[in-house]
Amino acid sequence: MSDKLNLPILLGTNRKDRASEHVAKWVHSKMLERGDIDSVFFDVCDFDLPLDDYGTALAGRFSEWRDAIIEADGLVIVTPEYNHSFPGSLKSVLDILLKQYIHKAVALCGVSAGVFGGTRVIESLLPVMRELGLAVTFTDLHFPRVGAKFDEEGNLLDAAYDGRVNDFLNELVWMARVLRWGRTNLPSKHH
């Protein structure tokens with residue numbers, strides 16, 4: 001078993017001029033700086049989702065995503081808050097798979113233009129994560145007033161996030177390691 005964890009990141013919005021793209025790219029860069037994480041960047045914009053079909057029937061059509069999640073030890077989701085909830089495009093991409101998520105860790109990063117930093121989007125995602133079988137970390141990452149957090153080139157302007165992202169990723173790494181050990185060593189009807 002490799003010491004490195006396989007932790008893909010998913011950017012969960014396909015809106016134009018999305019500020020959460022800066023957040024996702026920054027978080028991904030911090031993941032890649034670590035010696036204990038391998039990560040691939042996924043963007044819901046890259047999923048050519050049909051308008052007339054949803055769910056696990058699409059898994060074969062999105063084999064790169066499917067295979068990445070099969071091999072994953074966990075997942076990071078970066079999503080903006082739209083009207084107190086998450087984007088439909090994020091839900092559509094997550095619904096492509098089901099059993100592939102079971103007993104894997106997920107860390108949630110909420111983004112908002114307002115003062116709550118995506119707290120409500122994270123809260124609205126919790127029942128979805130549970131239904132998918134993902135184990136949510138308790139250390140979320142919040143980006144309130146995201147428009148003031150990055151410059152035009154996508155450089156983060158607030159150094160306090162270096163410590164926050166470290167706590168966020170440390171918790172994910174710990175949970176992902178524990179759950180990987182469990183999936184490998186403890187029998188489950190789901191594996």
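The values are calculated or read from the model by the stated rules, or taken from the named source; none is laboratory data. Keep in mind it's a predicted model, so treat the numbers as computed, not measured. Note: ideal-geometry Cβ built from the backbone for every residue, glycine included; neighbour counts use all protein chains shown. Calculation scope for accessible area: heavy atoms of the full protein, side chains included, ligands and nucleic acids excluded. Shrake-Rupley method; radii C 1.70, N 1.55, O 1.52, S 1.80 Å.
On a per residue basis, the stretch 54-188 carries 47 Å² of accessible surface, using protein heavy atoms and a 1.4 Å probe. Near E81: Cβ cut-off under 11 Å, other residues only, Lys/Arg at +1 and Asp/Glu at -1. The net charge is 0. Of the solvent-accessible surface of the stretch 98-191, computed with a 1.4 Å probe and all protein chains present, 56% belongs to carbon and sulfur.
Our summary of shape: the Cα atoms of the chain have principal axis extents of 47, 41, 26 Å, ordered from largest down, in whole angstrom. The apolar share of the surface of the stretch 40-94, taken as the fraction of accessible area on carbon and sulfur atoms (1.4 Å probe, ligands and nucleic acids excluded), comes to 48 percent.
Cross-linked pairs K30/K104; K104/K189; K30/K189; K16/K149; K4/K30: Cα-Cα separations exceed 26 Å for K30/K189.
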